[in-house]
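Report on the following structure.
The values are calculated or read from the model by the stated rules, or taken from the named source; none is laboratory data. Here the structure is a predicted model, which means the values were calculated and not measured. All Cβ positions, even for glycine, are placed from backbone atoms using ideal geometry, and neighbour counts span all protein chains on display. Surface areas here come from the heavy atoms of the whole protein model, side chains and all, with no ligands, DNA or RNA. Shrake-Rupley method; radii C 1.70, N 1.55, O 1.52, S 1.80 Å.
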Amino acid sequence: MRQRLSQYFLTAHEPADPVCVVRHHHDDAAPTVVLLTGLALSMSEPRYLWSILARRLRARGLNVVQYDHPGHADSAATGRPATWPGVRHAARAVVAHARATGAGPVSVIGCGLGNVLAAELLTTGEAASGLLVCPDLALWRTGTDAAPGELAALAARGRAAPDELQDSSVAAALLDAAVGEPYQPPQPAGPVDAALLAAAAPAAWTAFAALPGTRTLVVAATPEDQQWTRAAGLPLREIVHRPDKWAPSWHWEHEPRETVMTAAVDFLTDGAAGPVPAEAPASGPAAADRTPYTGRTADSVPGPGSSVISSVHFGSDGDELLGILHTPDLGAASGPWPICLIYEPGNPGQRVDIHECGTLLAHAGAERGLPVFRYDSRGTGVSDGTFTHTTWSRRLADLRAAVGRLRTQGVAERFVVVGNSAGARLAAMAAHALPEVDGVVLWGPILDEEDGEGPAPRLHRVDGTLAAAWCGLWLGVAYTRDDRGRDYPALLRDSGVPVCVVYGTEELDHPDGTTRLMLDGTGTRPDWQLHVVDGSHGFSASGLATAVAATTAWTATAFAPARPAGAETVLEVPIHDR
């Protein structure tokens, strides 16, 4: 029996980057759906819409494939930025792989840049059916209507931080279109190659214009998208969304998300849009632009320098969890490494996290000679489980299982946990409860009870428990009960392990009670260190680079043997912003 959840890399001829793929397997004889996400987001994205949809489609009898665009998230093995030809090639490679490993036709679901890729695959006949979710044609038209000089200037900018792309109305509109939601400074996407945006803009309208006659359902929120869909003669499903400061995009509201997922499940499992056309349309990208997939699957791929990036899966209370391990040069190892870093995001973070800070830490650690492990706990990211059931106690059990898996693999016997934001709670619990944890690093720790923001949430029964709408997800009441009354700073103090605390400058301008306790600890305990970096909670671009460097340097100095003279390397930090 094949695993119900698997993760591996697809590799093809250079200059294509290895692509990290997650397959939700139902049946060898079942058709397959490929999910195409927005640009600069991980395959699960911050609010897990696509991962939740993948589990629902699998439960309805379909195989589902998720993947990260090359140059992003867990497909950032080489450090090269994504290009438009590279993104196109990866989409076709994944669809070809889905066709070769499944049965029946392959369907696609797109969002953001994934809408353009899905439209191309549908018009060339490489996908038999598909959904475009909120294509935002008005935003893509901004690029089509732009003067040639504007797109040329955008293409010349290369890799840029999302903040930097707000100085041009054309660049800002194309960024929103490619990501699939309005740019959000508190939770932005990772670094973006501006030349990709410039190349994708004209391709978008060519692909959208060729869709009539294909088996394509459009889920639309804007009047422009709805009008275009009707004019094109395509099936339409409307969603209602009225943006406000708490829900700037439909991604953040539970009802529109549920509408999108219901439409996808109905369309792909009940044939709601009618039969597949007898012949695929002839329009679309030229055949010479379609590079055939000639790659392989593997458990690991080469990373920057001599590092190795490996897929790891393990179980926790019956659920399958997926992670990514970055290790230094395997040829130089003669056994377990002295220490391994484990990254723990806040809530509802995942192993990549916003700004791809988890990936950046992993690359930096491997460059420093330290293995780094990132994984999705139950119900988060691409791992199995239900987010509604998340509690810190369950996450501690998952961390315990991860430590056991890494020890069994011979990666390390001792560990340092890096807790980002509310993930500092788990780091404190691990330091107190897991004897294998020798130290913790806390990035902008949030250790006191969260009251939430915005209007008071209403409780609903979801997934068999009472839960409140929260960041587009449902957070169960068990989370609050489990969190209430736990003294996280006391757990840290009682553990006796060394602690490295990293704060942004703006966090120290207005310290809360927890921040004062942490500052007091770093001032009175010789094995507690404080690093202050630029930015607010979550840091700035330069602040994140400093936080990563401080984390790896502190870990290497405190727990790992010194590197030989001259062995230190300089890590090139991708441009992005908090």
Selection from region 243-264 of residues without any contact (Cβ under 8 Å) to a residue 40 or more places away in the chain, not in a loop (DSSP other than H, G, I, E, B) and not hydroxyl-bearing (Ser, Thr, Tyr) yields 255, 256, 258
Inspect all residues belonging to region 370-380 and state whether any of them is in contact (Cβ under 8 Å) with a residue 40 or more places away in the chain and more than 19 Å from the chain's Cα centre (by Cα). yes
For region 134-157, does any single residue satisfy the condition of being among the β-branched types (Val, Ile, Thr), part of a helix (DSSP H, G or I) and free of Cβ contacts under 8 Å to residues at least 60 places away in the same chain? yes
Can you say whether residue 365 is at pLDDT below 95, closer than 23 Å to residue 501 by Cα, in contact with a helix residue (DSSP H, G or I) (Cβ under 7 Å, 6 or more places away or on another chain) and not in a strand (DSSP E or B), as far as the supplied structure shows? no
Across region 462-519, which residue is surrounded by the most Cβ atoms within 10 Å (Cβ to Cβ) among those that are acidic (Asp, Glu) and farther than 28 Å from residue 415 by Cα? 506
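In region 158-171, what residues are outside any helix (DSSP H, G or I) and not aliphatic (A, V, I, L, M)? Explain how you work it out, then say what you get.
Step one: filter region 158-171 for residues outside any helix (DSSP H, G or I), giving 158-161, 168.
Hits for region 158-171 are 158, 159, 168.
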Given the options 70, 85, 81, name the one that is part of a helix (DSSP H, G or I) and at pLDDT below 95. 85
Which condition number does residue 53 fail, the rest of (1) touching a residue at least 60 places away in the same chain (Cβ under 8 Å); (2) assigned to a loop (DSSP other than H, G, I, E, B); (3) open to solvent by less than 10 Å² (accessible area, probe 1.4 Å) being met? (2)
Would you mind stating whether residue 160 is touching a residue at least 24 places away in the same chain (Cβ under 8 Å), under 26 Å from the mean Cα position of the chain (by Cα) and open to solvent by less than 30 Å² (accessible area, probe 1.4 Å)? yes
Starting from residues that are assigned to a loop (DSSP other than H, G, I, E, B), in contact with a Gly (Cβ under 9 Å, 6 or more places away or on another chain) and farther than 30 Å from residue 164 by Cβ, keep the ones in region 518-575 and report whichever is modelled with the highest pLDDT. 527
For region 64-89, which positions are more than 23 Å from residue 52 (Cα to Cα) and under 17 Å from the mean Cα position of the chain (by Cα)? 71, 76, 77, 79, 81, 82, 87
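Matching residues to (1) of a type outside the set (Val, Ile, Thr); (2) surrounded by fewer than 24 Cβ atoms within 10 Å (Cβ to Cβ):
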| site | (1), (2) |
| --- | --- |
| 64 | no, no |
| 68 | yes, no |
| 78 | no, yes |
| 84 | yes, yes |
| 104 | yes, yes |
With modelled with pLDDT under 90 and not in a helix (DSSP H, G or I) as the only criterion, which of 125, 104 stands out? 104
Scanning region 199-231 residue by residue, those open to solvent by 20 Å² or more (accessible area, probe 1.4 Å) and not in a loop (DSSP other than H, G, I, E, B) turn out to be 199, 202, 205, 206, 209, 223, 224, 226, 227, 228, 230, 231
